[in-house]
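Read through the structure below, which is laid out as structure tokens, and then see the notes.
Please treat every number below as a calculation from the coordinates, not as lab data. None of the values given here were measured: they were computed from a predicted structure. Methodologically, a virtual Cβ is constructed for each residue, glycine included, from the backbone with ideal geometry; neighbour enumeration extends over all protein chains shown.
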Amino acid sequence: MGNKPKIVVSKCLGFANCRYNGDVIHDDFVESLGDFVEYITLCPEVEIGLGTPRKPIRLIEEDEKLEVYQPESEKLFTKEMKEYNDRVLDGLEDIDGFILKGRSPSCGIKDVKVYNGRGKAPVLRKDAGVFGGAVLEKFPHLPIEEEGRLTNLKIREHFLTKLYTMKRFKKIEETGTMKNLVKFHADNKYLFMAYDQNHSRALGKIVANHEKLSFEEVAQKYKEGLSLALLNPPKYTNYINSLMHIFGYFSKELNEEEKRFILDSFEKYREEKVHLSVPVNLLKSYVLRFKDKNLINQTIWDPFPDELLNISDTGK
């Protein structure tokens, strides 16, 4: 396994002019991430033979079944898409995440229009695309996002945190030793606390392994628990709580002005006046100053490469 995470990405996001109208979409995040990951590109619609440019397809519900329909030709491509899904997804190995084209009838993972039958039918509901839905079903533990949602700072940082945390865990799995799993859990203690304290405790119980299970069994249970712990972006209240626990390690060594300055940075983060990196880096500077070995290796300081930190935010 290489050091770089391996991400499956929609080919139209900067790699080929394969949109239905022959366009390509240049995405800043996908481009900036390229130096830090290995991309595997695909376009389900082109790869089932629809070509570029092509008449648009849409999702319809017909006889209580979801179908892939091309209005111009009045043809169904459901069978071809499902065969493609089975072939491609079964062939993907050592994958760490997905970035897919939003709202696409093939690649979208949510908000894809599903029409009530053929013709000029109304929109019945919104759902995942036929390929995107299959990805969600087959890889529930992986970070899976649409390019449009990744313009949101909170969603983007959550995606990166989950991507690199799951990649680190995969390396631990490959070592096959409980010692490394225990260290992984210890190094992620405050990151997991920032996400969800209950899930963090549950992971701790799995690592304790009172049932004396094999490493493979423990690792599988831990992987499932880790996926739940990282399911949603962390709440700012949880993050502040985790930072407060770290602050408690050395607060007695600080004067009142230093304490107040740190606590003010927490409050400014709570009020969304500063980015999370402000209180995090402030605390990290004191950890370095006091050379606290229990804290220096915590992943909460750098859950993903610093170079990927970009505080631009559409708020969408």
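Assuming 0.36 nm per residue, please report the length gained on full extension of the stretch LYS170 to SER214 beyond their Cα-Cα distance.
Full extension of this stretch gives 14.2 nm more.
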Computed about the Cα centre, the charge dipole of the chain from +1 Lys/Arg and -1 Asp/Glu charges at the Cβ has a magnitude in debye, to the nearest 20, of 560
Using a 10 Å cut-off around each Cβ, can you sort THR52, THR177 from fewest to most neighbouring Cβ atoms?
THR177, THR52
Phi-derived 3J(HN,Hα) across the stretch 254-271 with the Karplus relation (6.51, -1.76, 1.60, θ = phi - 60°), rounded Hz, x for Gly and Pro, is 9, 7, 5, 5, 5, 4, 4, 5, 5, 5, 5, 5, 5, 5, 5, 5, 4, 8
Quick one: SER277, SER200, SER32, fewest Cβ neighbours within 10 Å first, how do they rank?
SER32, SER277, SER200
For ARG270, net neighbour charge (Lys/Arg +1, Asp/Glu -1) across residues whose Cβ lies under 11 Å away
-1
Around VAL280: net Lys/Arg minus Asp/Glu count, Cβ-Cβ under 12 Å
-2
Applying the gyration tensor rule to the Cα atoms of the stretch 101-156 (axes a ≥ b ≥ c; rounded if a/c under 1.5, else prolate if a/b exceeds b/c, else oblate), the class is oblate
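Subtract the Cα-Cα distance of LYS154 and ASP94 from 0.36 nm times their separation in residues, and report this length gain in nm to one decimal.
Computed gain between LYS154 and ASP94 is 19.0 nm.
Ranked by Cβ crowding within 10 angstrom, fewest neighbours first, how are HIS199, HIS245 ordered? Walk me through the intermediate numbers first.
Numbers: HIS199 18, HIS245 14.
Ordered from fewest to most neighbouring Cβ atoms within 10 Å, HIS199, HIS245 come out as HIS245, HIS199.
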Where does the charge balance sit around TRP301 when Lys and Arg score +1, Asp and Glu -1, over other residues with C-beta under 11 Å from its C-beta?
-2
First measure r as the distance between the Cβ atoms of ALA186 and ARG118, then evaluate 1/(1 + (r/R0)^6) with R0 = 41 Å and state the FRET efficiency to the nearest 0.05.
0.10
With a cut-off of 8 Å between alpha carbons and a minimum separation of six or more residues, what is the relative contact order of the stretch 6-151 in percent?
23
DSSP beta bridges in the chain [antiparallel fraction, %, rounded to 5]
45
Rounded to whole Hz and in sequence order, give me ³J(HN,Hα) for the stretch 109-114 from the Karplus expression 6.51 cos²θ - 1.76 cosθ + 1.60, θ = phi - 60°, writing x for Gly and Pro.
10, 6, 6, 8, 5, 10
Inter-site label distance for ASN310 and LYS291 at 7 Å from Cα along Cβ, in nm:
3.9
Would you compute, from DSSP H runs of 4+ residues alone, the mean residue ellipticity of the chain at 222 nm, taking -39500 (n - 2.57) per run and dividing by the full residue count, rounded to the nearest 500?
-14500 deg cm²/dmol
In the stretch 209-283, the GluC sites (Glu not before Pro) that fall in loop regions by DSSP, at most 11 other Cβ within 10 Å
GLU211, GLU271, GLU272
Taking the Cα centroid of the stretch 161-200 and of the stretch 262-292, what is the distance between the two, rounded to the nearest whole Å?
23
For a quick check: with amide H placed at 1.01 Å from N, whose amide H comes under 5 Å from GLY102's, ignoring anything fewer than 5 positions away on the same chain?
GLU147, GLY148
Fraction of the pair-distance distribution of the chain above 28 Å, Cα-Cα pairs, percent:
49
Over the chain, relative contact order from alpha-carbon pairs under 8 Å, at least 6 apart, %
14
Whose amide H sits under 5 Å from the amide H of TYR115, counting only residues 5 or more places off or on another chain, with H placed in the peptide plane?
LEU59, ILE60, GLU61, LEU124
May I ask which residue of PRO53, THR175, GLY34 lies farthest towards the positive end of the charge dipole of the chain, with charges of +1 (Lys, Arg) and -1 (Asp, Glu) on Cβ and the Cα centre as origin?
THR175
Whole-Hz Karplus ³J(HN,Hα) for the stretch 209-223, in order, using 6.51 cos²θ - 1.76 cosθ + 1.60 and θ = phi - 60°, x for Gly and Pro?
6, 5, 7, 6, 6, 5, 4, 4, 5, 5, 4, 5, 5, 5, 4
For the stretch 173-316, what does the relative contact order come out to in percent, with C-alpha contacts under 8 Å and a separation of six or more?
28
Let a ≥ b ≥ c be the square roots of the eigenvalues of the Cα gyration tensor of the stretch 140-248; is it rounded (a/c under 1.5), or, if not, prolate (a/b larger than b/c) or oblate?
oblate
Say the dipole of the stretch 203-313 comes from +1 at the beta carbon of Lys and Arg and -1 at that of Asp and Glu; which of ILE296, ASN232, VAL207 then lies farthest toward its positive end?
VAL207
Shape category assigned to the stretch 219-316 from the gyration tensor of Cα positions, a/c cut at 1.5
oblate
Can you give the Rg and Dmax of the stretch 1-74 based on its C-alpha atoms, in angstrom?
15.6, 47
